[in-house]
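*Asks:* Starting off with a structure, shown below.
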Amino acid sequence: MPGAFVELLEAMPDAVLVATTGGRVAAVNANLCTLSGYTETELIDSSVDDLVPGRSRAQHVALRSGYTDRSDGARAMSARLDIVLLRADGTEVPVDVSLCTIPYADDRVIVAAIRDTSTRRAAELSMERDRAFLTAMNDVSRSLLD
């Protein structure tokens, strides 16, 4: 990848992965290495599917292929809560992923911006638990008053 492109990747605040249409990692930034626990050398030319937990890998391959076959634009950050990145140590990190396809050489590449959502998802779960508790307390209070 050209030097200016690499500089752009490194300037991005999110973890960034650039993949070929065949699903091979072509470039990454330091933020992705930090998030994933892999070195750049380990990631380059590996399959992007290796960053997906085994239970979700077949679905990811199908979604990736579908996106590659029909897309030439951007797909915003996903609102799905089940997207996780499989780190080198085997732990899973909840993430949001935004995709963009751009022309490169005689083909296209897919640029994925990946954002760790651990803190936000923990807060969402805490709010859901609090809501459930308050609903249960309200139900109990209503029953006692009846």
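*Asks:* Might you report the magnitude of the Cβ-based charge dipole of the stretch 1-68 about its Cα centre, with Lys and Arg at +1 and Asp and Glu at -1, to the nearest 20 debye?
*Replies:* 360 debye
*Asks:* Hey, how many Å between the Cα centroid of the stretch 4-18 and the Cα centroid of the stretch 42-71?
*Replies:* After rounding, the separation between the Cα centres reads 20 Å.
*Asks:* With r as the distance between the Cβ atoms of Asp45 and Asp82 and R0 = 30 Å, compute the FRET efficiency 1/(1 + (r/R0)^6) and round to 0.05.
*Replies:* With a Förster radius of 30 Å, E is 0.60.
*Asks:* Now for a different question. Hey, can you rank 18-24, 134-140 by average C-beta count inside 10 Å, highest first?
*Replies:* Averaged packing, sorted descending, gives the order 18-24, 134-140.
Readers should treat all values here as calculations from the given coordinates under stated rules, not as data from a laboratory. Since the model is a prediction, treat every value here as computed from it, not as a measurement. Virtual Cβ from ideal backbone geometry, glycine too; neighbours counted across all protein chains shown.
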